[in-house]
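Written out below as structure tokens is the structure these notes cover.
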Amino acid sequence: MNANLEESACRYVLDQLEPAERAAFERQRFADPALAALVRELESALARGVAVVLGGIWKMRSPIASGPYILFAGLDPRQSTLARVPVAEAAPGPDARFVQLASLAQKYWDRPADQPVKEGGAPGQGYAVFDPATNQGFIAVRRIGAAPEGKRYHLWVIDTVSGRARAAGALPAAGDGGGLYFFSVTPNPGARPEELNFSVTAEDASAVALVAPRGRVVLGATTF
């Protein structure tokens with residue numbers, strides 16, 4: 001099933017199709033068992049409180065955390081899979097919160113089996129941990145491979161409601177083969193953590209002060 005049809009299915013269950021588009025989609029749904037099954041899966045996800053977003057589904061693998069938590073995003077070349085990781089208590093002060101976040105990122109790097117969303121093991125996959133309280137995080141990439149000639153990998157934090165992308169910096173050129181890297185983004189008071197997504201794109205190496213992704217997505221969210 002192609003990405004355009006999957007996006008139409010997401011828009012269908014979110015009631016975002018125009019009447020003519022909806023009628024055409026329903027005709028296709030009745031004629032295509034695989035598409036009908038996808039619609040049922042998306043409708044079931046909504047009924048369970050799982051967030052359905054254009055470009056993929058966030059499968060909330062852990063209960064909504066009512067106390068302090070850190071976001072975990074499993075990244076692959078097609079989507080992000082999000083979970084909230086509760087922490088025992090809010091660390092006192094920014095330095096303590098950074099240590100808390102860094103320790104969790106390192107734990108998942110050293111012990112992948114402990115990740116709340118399991119990596120599939122395919123080349124280029126990875127994960128991000130992000131603290132919404134401090135707007136800081138770590139991204140881990142494994143076997144991502146060297147960036148194409150004249151390109152450099154950049155990380156973005158996406159607000160899926162507004163479509164706004166916050167630049168989180170470029171991965172070190174020497175780290176194209178994989179590694180664990182710190183990042184931070186400017187605060188966005190209007191964004192809610194459950195509406196965030198993450199994406200890594202291949203951008204022109206000569207570009208400076210990027211404010212929006214323009215290059216090919218290599219990991220994470222594919223629709224902004």
Inset, instruction - Report, by residue number, each residue of the stretch 172-209 that is modelled with pLDDT of 85 or more and aliphatic (A, V, I, L, M). - result: Leu180, Val185, Val200, Ala202, Ala205
Legend entry - Candidate set from the stretch 103-132 (those that are in a loop (DSSP other than H, G, I, E, B), touching a helix residue (DSSP H, G or I) at 6+ places or on another chain (Cβ under 8 Å) and modelled with pLDDT of 85 or more); member that is nearest to Val185 (Cα to Cα): Pro132
Inset, instruction - Report yes if Ala90 is at pLDDT below 80, hydrophobic (A, V, I, L, M, F, W, C) and outside any helix (DSSP H, G or I), otherwise no. - result: yes
Inset, instruction - Please work out which one of (1) at pLDDT 80 or above; (2) over 22 Å from Thr222 (Cβ atoms) is the condition Arg40 fails and give its number. - result: (1)
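The values are calculated or read from the model by the stated rules, or taken from the named source; none is laboratory data. Source: prediction; values computed, not measured. As a convention, Cβ positions derive from the backbone with ideal geometry for all residues, glycine included, and neighbour counts pool all protein chains shown.
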